[in-house]
Each structure stands twice: as structure tokens, then as C-alpha cells.
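Working notes, beginning with the structure itself.
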Amino acid sequence: MEIQDFSDDIDVKVKKYQRGESADLEGLKDKKLKGQLANREELYKKSANAAAKAEKWLMQTESGLLEPEGIEKTWRFSQQSIAQEVDVASRKNQFDIILPDLGPYTIDYTSSGRYMLTAGRKGHLAIMDMHTLKPVKDFQVRETVRDAVFLHNELFFAAAQKKYTYIYNRAGTELHCLKEHGAVLKLQFLKNHFLLSSINKSSHLRFQDITTGQMVGNYRTALGRSDVLQLNPYNSVITSGHSGGTVCMWKPTTSTPLIKILCHHGPVTAISFHPNGHLMATAGMDKKIKIWDLRTYKTLQTLPGNAKTLSFSQKGLLAASTGSFTQILQTSDSSNYNRYMIHTMAKGYQINRIQFRPYEDVLGIGHSMGFSSILVPGSGEPNFDSWVANPFETVKERREKEVRVLLDKLPPESVMLDPTKVGNMREAKRKEKKTKAEVEEEKAAAVAAAKSVAVKKKTKGRSKPSKVARKKQEGIENAKRGFVEENEGRDKKKQKRITEVNELPIALQPFVSKKGK
């Protein structure tokens, strides 16, 4: 019985990794093509089986969701009722830190979810270890801080302050002052390319390589002031939202946007991307939240409501916040997003930034009175790949990873809408040689067109029949000349080729390619 259950479980997982229906090989007459397709299908089957077995034995932890009974609704469950049912380790992730004099706060997590960076508007910067819930370092810069992001790991972070952007280390020491960026409103970091992206008050978008200090791109968006900047984790394309309702997608090496979409009839307030890179959520002042399919650039769903900040989780949950209210939306297979959970902060708390913590069922909230953390079952990826992001990495592992990612650093030119094209060769366009009949047809058409040209009549004997006939004959000869010159050029190349071959020693002439250059 157990063996039968195990085989059924494996079959279900194999279907998950299959690449659609297999090709119909019975109707093929070409034996070579039939053999190639059969080998390809066999490889697909082996890869699906290997992936299913890896998921069965290596990814044993499964994500869980709130499951209502009867007429219960998941969005009616409060944080207190959830905390009573979870284990102690998960319960400690639910907390509120009140700092009323230094907010509003913005937050950011490392890719492993181990560390959290908090930045208060009035100059408070802090790094917290989320495993021990102890501050690693907190200090006061004594000027306005608009945004802050981690760089490639928790050792370095960038802060957009009142006048310039600064880079600090984990100990709070100032390492660099990036004056070229100006008064920055939003920051984003492209971890695969080591590029720090920013947009400032003057609507200038900049990309700077933090390993060499080179300014890769400095572009004027010319679309008005923007404080919405988001990174697509799938293809590393930077997306900005503007006051006219347009959303633009940028790459570091192009001064014009790759894509420009009119998403809202009013200013764009928030943008977020699904981890798979194919879905984009936008919110605007027209009180609409839209879900976009980036493969067709069409709207999949329009939800009523306003949102100052949006965030997708690793498992596809969407959180939207405005004022002191947060709602989490969930989608099932091939269906729209529906309400999953709601959370209301204390009266007077204005939410500034929300972000899901990687590899944990936790949503971080930065608000006007500090920052909080709530439990959202089913939001985080339960199994982590230590080669990509390891929440429990040691100092030695962190150093080795830093060297590895620097060696694997991608050039800015590799940022594109479809990253699967990276590493592929562009197909050379071969010019098809025209047949003799096609050339003769084109030549006859050109002669007929030259004959049908009307000659302008002139006075004082310049429109004599002999002169008109001579001009028509010149037009016909000019039409034929193009075809004659093309043939002569081809003959000259062939003659030059023959001459070069004859100049070679007799022993080498048989090895010369017979194809023309």
C-alpha cells in the first residue's frame, strides 16, 4: 500500500515538470527527424523524473495556507488567533517595534531573509539579525533618509540621504559618497550585475557599477517627478512609475525605455513583480490595482482600491497597503486574485513600505511609528537552495560566495526583456539568390516603367520627336545599367577569386574553398 502511494505521489510530481504533450511521431516520414524528436522526448522524460525525485527527497518541507472550515473566511483570522496555533520559532517573528520620533520607516531584506535593514525618515539606520532579533548596528546620520537598500550581502548597504547617496558598511562606517546621483528618491540594486540604480528629484535615472565606480547610465526620463522604482527579479529590468500614469522599463545601456505602458489615468503609486517575472502589479491614484501579463502586456485583472505600496511573496501572494490597512491577496490555479488576509495597524499608523521576508511566512511593515512584522501563512518558499541564498551561512561560506558572485558578474549589456536569449547566436540572414527568370522579369518591369515615363513638353524646338525619343532611350539604358553593373561586379569577384587561387602553389590549390567570399 505504501509503495502504491509513493508511486502515485511521484507520478503527480512528474506531471508537474513535464513540458506539455509529447510530439506525435507516427505521422513523420523523415526517419532522421523522427529519431531526433524521439531522443528529445526521452531526455524530457528523464529530466521530469529527476526533478520529481529531487523534489520528493530534497524538498520535503511543504508550504501551508490558512484552511477555513465550513462558512469561515480566511480573511477573518486575526494575528492573535494565528499566533496561538503556530510553533514558538514562528511566533517570535510576530513583533512591533515602536519608534515614534524617527519615522516613517522603510525596510529591506537580504536575499536570504536573515537580515533586515530599517531606515527612518529622520536619519535612523539599523541592521537587525532576524534569527536572534538583536540589532547588529544602529546609528543616526542626522539628516533626512528617503530610502535604503542592501547591496550584494549584509556587509554593505546604500542610503539615499538629503543631498547625496552614501554607502555604509555593517559597522556603520561611511565608505563612499555618490554625489553624481543627486537628491535620490528611490534606490534599487541589481545583484547579478552589481549595479546601483537610482531616480532623483530631477527625474534622472542612473546606473552605477559599485565594483569599479563607473557610471554605466545617466538618462533623463522626461516624464516628470517619480518616486516609484522597482526591479524585476526575472530579467533585472528596472521599472519606473510616473505622474502621468505611465510605467517605463529600462536597461542600463539604453537611453530610451524598452517598454512604455499607460497603466493608470493618474499618478502611479506602487509597482511590484511576481518572482517568475511574468506578472506585474501596479497601483494608481485612480483607485485601481491592476495585474498585468508581461508576455502580452495586457491587463489580467483590475481590482478596486488604493495602494501606496505593493509586494509579491515568493509563493505569489500579493500584499497591498494604504493608510493603516493591509490586505493580502491570493490566487489559485488559473483564477483571479481574491482576498486572503487583512491586517489593520493601530489608529494613526501610516504604512510607508511593506515587503515579504524571503523563506519565511512573514510580512514586514514599515510605518510612521516604527516597524512591525506579521505572520502570513503560505507566503514564503519553504525550501532554500544554499547555493543561491543560505539563511544559515557561516563567515567562510559568505566569503566564498562573495568571490563566486564577483566572478559570475554579468555585464550591463546582458539586461534584456527576455533573458533566455543570453548566450544564443543571432541567426545570420542569408540572401537568397534570384533565379534567372526573376532577374529577367525585374529587368522587363524596369524597362516598361522607363518607357511609360511622360516627357515634359518644352518650347522653342526642344520638344522635337527626335529629342523625345533620345530621352526615352536614355531612360531605358539607365534602367538596364543597374542589372548590367550587378552582373559585372559578380564576374569581377569571381575573376579575382580565380586569380588568387592561381597565385597559390599547386599543392595548396585543391584545399581552397570553392564557395565565393
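Helix-only mean residue ellipticity at 222 nm, the chain, DSSP H runs n ≥ 4 weighted -39,500 (n - 2.57), per residue, nearest 500. What is it?
My calculation for the chain gives -8000 deg cm²/dmol from helical runs alone.
For segment 41-113 and segment 236-315, write down the distance between their C-alpha centroids in whole Å.
That distance is 25 Å.
Tell me the accessible surface of His176 in square angstrom (1.4 angstrom probe, heavy atoms of protein chains only), to the nearest ten.
100
Taking a 32 Å limit on the Cα-Cα distance, which of the listed pairs Lys122/Lys260; Lys260/Lys409; Lys186/Lys347; Lys162/Lys191 fall beyond it?
Beyond 32 Å between Cα atoms: Lys122/Lys260.
Which of the trypsin sites (Lys or Arg not before Pro) across segment 256-316 are loop residues per DSSP, with 16 or fewer other Cβ within 10 Å?
Of the trypsin sites (Lys or Arg not before Pro), the ones in loops of segment 256-316 whose Cβ has at most 16 other Cβ atoms within 10 Å are Lys287, Arg295, Lys308.
By how many degrees, 0 to 90 and rounded to 10, does the Cα axis of helix 465-503 deviate from the longest principal axis of the chain?
Taking Cα atoms only, the helix is inclined about 70 degrees.
With every protein chain left in place, what is the accessible area of Thr296 in Å² (1.4 Å probe, nearest 10)?
70
Which of these values of Rg/Rh (Cα atoms, Kirkwood Rh) was calculated from the structure shown: (1) 1.10; (2) 1.05; (3) 1.15?
Answer label, from the structure shown: (3).
Just list whichever of Lys298/Lys421; Lys137/Lys401; Lys201/Lys251; Lys73/Lys288; Lys163/Lys401 have alpha carbons separated by over 28 Å in the model shown.
Over 28 Å Cα-Cα: Lys163/Lys401.
Sort Val422, Val141, Val12 by accessible area with a 1.4 Å probe, largest first.
Val12, Val422, Val141
What distance in nm lies between label points placed 7 Å from Cα along the C-beta direction at Glu69 and Met215?
Output for this residue pair reads 6.4 nm.
Please give the helix 31-58 orientation as an angle from the longest Cα principal axis of the chain, in degrees from 0 to 90, rounded to the nearest 10.
Around 10 degrees separate the two axes.
Quickly work out the Asn338-to-Asp293 label distance, labels modelled 7 Å from Cα along the C-beta direction, and quote it in nm with one decimal.
It works out to 2.1 nm between the two label points.
Probe radius 1.4 Å, ligands and nucleic acids ignored: give me the carbon and sulfur share of the accessible area of the chain as a rounded percent.
Answer for the chain is 52 percent, counting heavy atoms of protein chains only.
Whats the longest run of the chain with zero GluC sites (Glu not before Pro) that are DSSP loop and have at most 14 other Cβ atoms within 10 Å?
144-426
May I ask you to give the solvent-accessible area per residue for the chain, in square angstrom, as obtained with a 1.4 angstrom probe?
About 60 Å² of surface per residue is accessible.
With charges set only on the Cβ (+1 for Lys and Arg, -1 for Asp and Glu), what does the dipole of the chain come to about its Cα centre, in debye to the nearest 20?
Dipole size: approximately 4660 debye.
Choose one of Met128, Met416, Gly316: the residue whose Cα lies farthest towards the positive end of the charge dipole of the chain (beta-carbon charges +1 Lys, Arg; -1 Asp, Glu; about the Cα centre).
So the residue we want is Met416.
Using Cα-Cα distances under 8 Å and only pairs 6 or more residues apart, what relative contact order does segment 120-191 have, in percent?
24
So between Glu85 and Lys451, what do we pick up on full extension, going 0.36 nm a residue minus the alpha carbon distance?
Contour length minus the Cα-Cα distance gives 122.5 nm.
Please compute the modelled spin-label separation between Glu442 and Val405, points set 7 Å along Cα→Cβ, answer in nm with one decimal.
It is 5.5 nm.
Helix 2-17 versus the longest principal axis of the chain: what angle, 0 to 90°, nearest 10, using Cα atoms?
50
At 1.4 Å probe size, with no ligands or nucleic acids counted, give the accessible surface of Arg404 in Å², nearest ten.
50
Hey, what did the chain get for relative contact order, percent, Cα under 8 Å, at least 6 apart?
Across the chain, relative contact order equals 11 percent.
The values are calculated or read from the model by the stated rules, or taken from the named source; none is laboratory data. Note that the coordinates shown come from a computational prediction; the quantities given were computed from them, not determined experimentally. With ideal geometry, Cβ positions are generated from the backbone for all residues, glycine too; neighbour counts draw on all protein chains shown. Remember, those area values only see protein heavy atoms, side chains included, never the ligands or the DNA or RNA. Shrake-Rupley method; radii C 1.70, N 1.55, O 1.52, S 1.80 Å.
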